[in-house]
Amino acid sequence: MRPKSVDNVNARFLNDFAEMIYLRLDNSGRILEANNFAKATLQPNPVGLNFSEIFVAFTQTIDPLQAAQNEMTHVPASVNTCADLPRTFFFSFFKVTEGVDVYGEASGTEVLTLQKTLIETNNELSNMTRQLQKNNSELQKLNDIKNQFLGMAAHDLRNPIGAIIAYSDFVMDEAKSLTDEQKEFLSIIKNSSNYMLKLLDDLLDFSKIEAGKLGLDLSRCDYVNFVKRVVKLNSAIAAKKHIQIILNVHEVIPELDFDSIKIEQVLNNILSNALKYSLRNTTVVVNMFMSGDFVTVEVRDQGVGIPKDKIDLIFQPFTRVSKQGTEGERSTGLGLAIVRRIVLGHRGRIWVESSEGEGSTFYFTLPVVAKE
Ligand code: ADP
C-alpha cells in the first residue's frame, strides 16, 4: 500500500508541485534519482549519496531495503535541509525491481513551529543564564564589600568599647564613694558594653569566615581532656543558675587533629546556649562517643526547646527564637552560624534535635582522620 497522498498522483505532479520527497534507491541504499522537491529541499543534493547521509546526526539509522521488505510506512525522520533548520518527514518504503522507492511526506507545520519555538526558548534560556551569571558575580562582589565593611567597622569599634569597659571597672573599684543608684547605672553600662563587645567579636568572626578566612590551625590533641576542661570552665557559669553539667565519656576516644581555639569556641557556644536557655536547678548532660570514623559530642539540656519551624533556621545568621535567655541573658543570633562554619571547616557535622518545653540536644562530630 502506498501512502494515501501518493495514490493517483502522476509523476509530473510528484516532481513539480507536491511537498513530497521522492527517491529511487538501488539495493545498496544509494540514491539514484530524486524529484525536484527533494533536490530543492535536501542539503546537499541527494543524488549519489547513500540514503543514510540525508538525515541529521541524531536520527536513528534506517535500512531502506529492510524497511521496504517490512512494508514500513510513515516512519518519522529528520533530514538536513538547505534552510537552517532540519525538517521532519514521514517516510514510506516500497520494494521495486532492483531497488527501493522512498516517499517522504512533509510532517506538517506543527513540527516546524515546534522546532522554531524550541530554538527560540533555548536562546532565551541561554540569555537568561548569561544574565544570571552576571548578576551573581555582581552580588558576590557586593557581598565581599559588605563583609569588608563589617570587618572594618567591628574592628574599629572594639577599642572604644574596650575603653568603656575598662573605665567602668576602674570606677567600680572605687565603689565606696558611689551611691546605690550610681552603682546600678555603672553595672548597666558594663553589661551593655560587654554585650556590644561580644556582638562585635561575633561580627568580626563572621565577616572573616564569610570572606573565606576561616584559617584553621590543626594540631593533635587529647580530645577528652580538652572537652573536660571546657566543661569545667562552663560549670562555674552554670553554678550561678544552679545548673549541673555532667560529662560522660562512653568509649575510648582517640586523639584528634583540630583547631583547639576554634573548637573551644564551638563547645563554649553550645554549652553557653544550653545554660542560657535552661531554667534553674536543671541538668545539662554532655556525652562523648564514637560514630564510625567520627567522634560525636552531644550536649543535652532540659531547657525551653526550639519550635519545630525554627529548627532549620537557627544555624543561619541573626536567627533568634527569643531575644533573651531564661534570666534575661543577651543573645546576638550569630553564634551558631559561626559554630556551623567552624565544624564544617573541620569536615564535621552539626545538628540539633529539640522539642519545645522539653529541651534541646545539639550534636557535632569531628573526623578521626583530619584532612591531609
Ligand atoms: P544567640 O544564642 O547568641 O542568640 P545562637 O546563634 O547561638 O545565637 O543561637 C541562635 C538561636 O537558637 C538562639 O537565639 C535561640 O533562640 C536558639 N537556641 C540555641 N541554642 C538553644 C538551646 N540550647 N535551647 C533553646 N534554644 C536555643
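Taken together, the values in this text are just the output of simple stated rules run on the coordinates, not laboratory data. Note that the structure is predicted; figures quoted are calculated from it, not measured. All Cβ positions, glycine included, derive from the backbone under ideal geometry; neighbour counts span all protein chains shown.
Of note:
- Both radii are taken from the alpha-carbon atoms of the stretch 56-162; with Rh as the Kirkwood radius, Rg/Rh is 1.55.
- Taking 0.36 nm per residue of separation and subtracting the Cα-Cα distance, full extension of the segment from R130 to E33 would add 30.2 nm.
- Among F289, F93, the order by Cβ neighbours within 10 angstrom, fewest to most, reads F289, F93.
- For the chain, the longest principal axis of the alpha carbon atoms and the long axis of helix 223-239 meet at an angle near 60°.
- In terms of the mean number of neighbouring beta-carbon atoms within 10 Å, the peptides 28-40, 146-158 order highest first as 28-40, 146-158.
- Packing rank of 175-187, 58-70, where each peptide gets the mean count of other beta carbons within 10 Å, highest leading: 58-70, 175-187
- When each of M196, M72, M128 is scored by the number of other beta-carbon atoms lying within 10 Å, the sequence from fewest to most is M128, M72, M196.
- Fraction of alpha-carbon pairs over 17 Å apart in the stretch 112-210 - percent: 69
- Relative exposure of V75, V297, V224, V369, judged by other C-beta atoms within 10 Å (fewest first): V369, V75, V224, V297
- A compact globular protein would have a Cα radius of gyration near 2.2 N^0.38 Å; the ratio found for the stretch 219-367 is 0.98.
- Cβ-defined net charge surrounding S126, 15 Å radius [Lys, Arg +1; Asp, Glu -1]: 0
- Kirkwood hydrodynamic radius over Cα pairs of the chain, then Stokes diffusion coefficient at 20 °C and 1.002 mPa s, in µm²/s: 77
- Taking all Cα pairs closer than 8 Å and separated by 6 or more residues, the relative contact order of the chain comes to 10 percent.
- Ellipticity estimate at 222 nm from DSSP helix runs (n ≥ 4, -39,500 (n - 2.57)) divided over the chain, nearest 500: -15000 deg cm²/dmol
- Axis of helix 335-345 versus longest Cα principal axis of the chain: the two differ by about 60°, to the nearest ten degrees.
- Under 13 Å from the R220 label point (7 Å along Cα→beta-carbon), backbone N, the stretch 254-268: 254-258
- Of the chymotrypsin sites (Phe, Trp or Tyr not before Pro) found in the stretch 312-372, the ones in coil according to DSSP and having at most 14 other Cβ atoms within 10 Å of their Cβ are F318.
- Between helix 260-276 and the chain there is an angle of about 70 degrees, using the helix long axis and the longest principal axis of the Cα atoms.
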